[in-house]
1. Just order 81-93, 174-186, 107-119 by mean Cβ neighbour count inside 10 Å, highest at the front, would you?
2. Kindly list the residues of the stretch 164-187 that lie in the label zone of Ser48, defined by a backbone N under 20 Å from the point 7 Å along the Cα-to-C-beta vector.
3. Please compute, over every Cα-Cα pair in the stretch 1-94, the percentage with a separation greater than 14 angstrom.
4. Measuring from the lowest to the highest alpha carbon on each principal axis, how far does the chain reach, largest first, in angstroms?
5. In deg cm²/dmol and to the nearest 500, what is the mean residue ellipticity at 222 nm of the chain if only DSSP H runs of at least 4 residues count, each as -39500 (n - 2.57), divided by the residue total?
6. Which of the lysines could a cross-linker span from Lys2 if the Cα-Cα distance has to be under 29 Å and same-chain partners fewer than 8 positions apart are dropped?
7. Ser68 to Phe18: extension gain in nm, 0.36 nm per residue of separation minus the Cα-Cα distance?
8. For helix 179-198, what angle does its Cα long axis make with the longest principal axis of the chain, in degrees from 0 to 90 and rounded to 10?
Amino acid sequence: MKWIVPALAYLAVGLGLFQFHSAWGALLGFHVVIIVSLMIVKPNIPVSILFKSTNIKWILLSVLFCGSGGVALYFLWNIFGFASNLPTQVEALSLNPSNWLTFIAYFAIVNPFIEEYFWRGYLHNPTKNLYLYDFIYSGFHGLILIGKVHSYSILFGLSALVFAGWLWRQIAREDHGLLAPTLGHMAADFTILMAVYLHM
């Protein structure tokens, strides 16, 4: 069952982006697949683990380090080779001035809880080495980047996300909880999306 859920999540994102041309459809479809799958498998992992941390240093490390990603993206925007028609592509995904900030708020607040419980909770592995699901977690983001940035930026982004998945897994292992990874994920999502929004 574990390998089926990521496959369905990829499918949901792909359909949302390329079939229905909807960022909301991709995101909500992704969330529905994960939530329904978790309801079926009923993992023996309490939801309260999302709010557990044993040392504030892990929270500070996760938030400050991961939040810096969006700040760097904002100031280094021209280096990444974004498509000249990016605003048009974004609008074609049904994101516009009337709903952009709502999308950012939902993505930055709700998405990290769902993703961290799934990727670093249900699919967690205590190894200190890179793990298969670090790569699978990273991979579906490539669907979002296709056609929007230069190919070398896609490779860089996927590599950074593999590292982020590994880092959050290590923090979860050391901190015995998912609060620090979740807050770091929030900081990354918020700053990255705000960087994109401010450059539209």
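1. Put in order of decreasing packing, that is 174-186, 107-119, 81-93.
2. Correct set: 172-183.
3. Every Cα pair in the stretch 1-94 considered, those over 14 Å come to 78 percent.
4. Result, largest extent first: 45, 35, 30 Å.
5. It lands at -21500 deg cm²/dmol.
6. Hits, sequence-local ones excluded: Lys42, Lys52, Lys128.
7. Between Ser68 and Phe18, full extension yields an extra 15.0 nm.
8. With both axes taken from Cα atoms, the answer is about 0 degrees.
Only the coordinates and a few stated rules stand behind these numbers; no lab work does. Keep in mind it's a predicted model, so treat the numbers as computed, not measured. FYI the Cβ positions are ideal-geometry reconstructions off the backbone, even for glycines, and counts take in every protein chain you see.
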